[in-house]
1. Among the residues of the stretch 20-37, which ones are surrounded by fewer than 14 Cβ atoms within 10 Å (Cβ to Cβ) and touching a strand residue (DSSP E or B) at 6+ places or on another chain (Cβ under 6 Å)?
2. Answer yes or no as to whether residue 53 is outside any helix (DSSP H, G or I), at pLDDT below 85 and touching a helix residue (DSSP H, G or I) at 6+ places or on another chain (Cβ under 6 Å).
């Protein structure tokens, strides 16, 4: 249900009223009793996010940002070639082929 803003032109009283969209427009001012109450055109409802954030990545803590910067500034280690692992793999493939042909 939306919140509507009302203002009385006679006494200047302004207030918000939470009511259904299908409810009739209020005409009587609760302060002075005037029947000239006007409903104002509002800016519309805003989306409210309650809690830690809509997405956790949108609102990272200062500690997280500090750690991320530190990780970016560190140089990456280059991978060393594995010469011993390659020969073992080739031998195991060759031996499995010879057993399959029997």
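1. Within the stretch 20-37, 25 is the sole residue that qualifies.
2. Considered against the rule, which asks whether it is outside any helix (DSSP H, G or I), at pLDDT below 85 and touching a helix residue (DSSP H, G or I) at 6+ places or on another chain (Cβ under 6 Å), residue 53 comes out as yes.
Residue by residue, here is whether (1) modelled with pLDDT of 80 or more; (2) under 36 Å from the mean Cα position of the chain (by Cα); (3) under 25 Å from residue 8 (Cα atoms) holds:
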site	(1), (2), (3)
24	yes, yes, yes
32	yes, no, yes
37	yes, no, yes
60	no, yes, no
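The values are calculated or read from the model by the stated rules, or taken from the named source; none is laboratory data. Because the structure is a prediction, the values reported are computed rather than measured. We place every Cβ from the backbone using ideal geometry, glycine too, and count neighbours over all the protein chains shown.
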